[in-house]
Amino acid sequence: MPVTDVNTDLDNLTLTITAEFAAPIERIWGIYADARQLEKVWGPPTYPATFVELDLRPGGRGHYYMTSPEGEKYYGWWAITAVDEPNSFAFDDGFASDDSFDPTPGMPVSKNVYTFETKGDGGTLAVFTSSYESVADLEKVLEMGIIEGATSAINQIDDLLAA
């Protein structure tokens, strides 16, 4: 499994997931830059994602929804804040109420920095850091199962690489 560490830091309001992939940095970057590849690994296996829009450049947007096993759709949005291809990108990620992709009031918004570094064996070390505005926001997403969901989502990358 690619995920090697999960760290929740309530003092610093962060959740950090570390993963290692047996693929070059450009290949891992490509997954996040291509909506059709990203939707295979964004969200847990039982809640597959569909990206309606993905513009991975500063000021760009991402709009997506995840579909439950019962067919319910859960909407989300990204606001891309920084890009350093293929080393990192940063984005805000939030919940949306419907297919208008307007932010859902009262729901947490995470500020995310995803970094990719070439390992000595030619693979990639990825660090996914999400920051929240308050302990309450971080605790809310923890209660919603973000660790299990994000870990299972990231662990799908190996299957995509093997395909």
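At-a-glance table
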| quantity | calculated |
| --- | --- |
| Longest DSSP-loop-exposure-free segment, GluC sites (Glu not before Pro), the chain, at most 15 other Cβ within 10 Å | 1-69 |
| Residue-averaged [θ]222 nm for the chain, counting only DSSP H segments that reach four residues, each worth -39500 (n - 2.57) | -6000 deg cm²/dmol |
| Arg36, Arg27 arranged by Cβ crowding within 10 Å, fewest neighbours leading | Arg36, Arg27 |
| Trypsin sites (Lys or Arg not before Pro) within segment 72-163: DSSP coil, no more than 15 neighbouring Cβ in 10 Å | Lys119 |
| Where only C-alpha atoms are counted, convex hull volume of segment 33-163 per residue in Å³ | 118 |
| Global form of segment 103-163, assessed from the alpha-carbon gyration tensor, a/c cut-off 1.5 | prolate |
| Which of Tyr47, Tyr64 has the fewest Cβ neighbours within 10 Å, and the rest in rising order | Tyr47, Tyr64 |
| Ser134-Asn155 pseudo-label distance in nm [points 7 Å out on the Cα-to-Cβ vector] | 3.3 |
| Total lysine pairs whose alpha carbons fall under 25 Å of each other in the chain (8 or more apart, or interchain) | 6 |
| Dipole magnitude of the chain about its Cα centre (Cβ charges: Lys, Arg +1; Asp, Glu -1), debye to nearest 20 | 300 |
| Positive-end residue, segment 1-112 charge dipole about Cα centroid, Cβ charges, pick of Thr104, Ile31, Thr81 | Ile31 |
| Per-residue Cβ neighbour rank within 10 angstrom, fewest leading, Met66, Met144 | Met144, Met66 |
| Cα gyration tensor shape of segment 30-108, rounded if a/c is under 1.5, else prolate or oblate by comparing a/b with b/c | oblate |
| Cut-off under 5 Å, modelled amide H: who pairs with Val109 long-range | Glu133 |
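Computed from the coordinates by the stated procedures, all read-outs in this text should not be read as laboratory data. Quick caveat: nothing in here was measured; it's all calculated off a predicted structure. Counting neighbours? That spans all protein chains shown, and the Cβs are built from the backbone with ideal geometry, glycine included.
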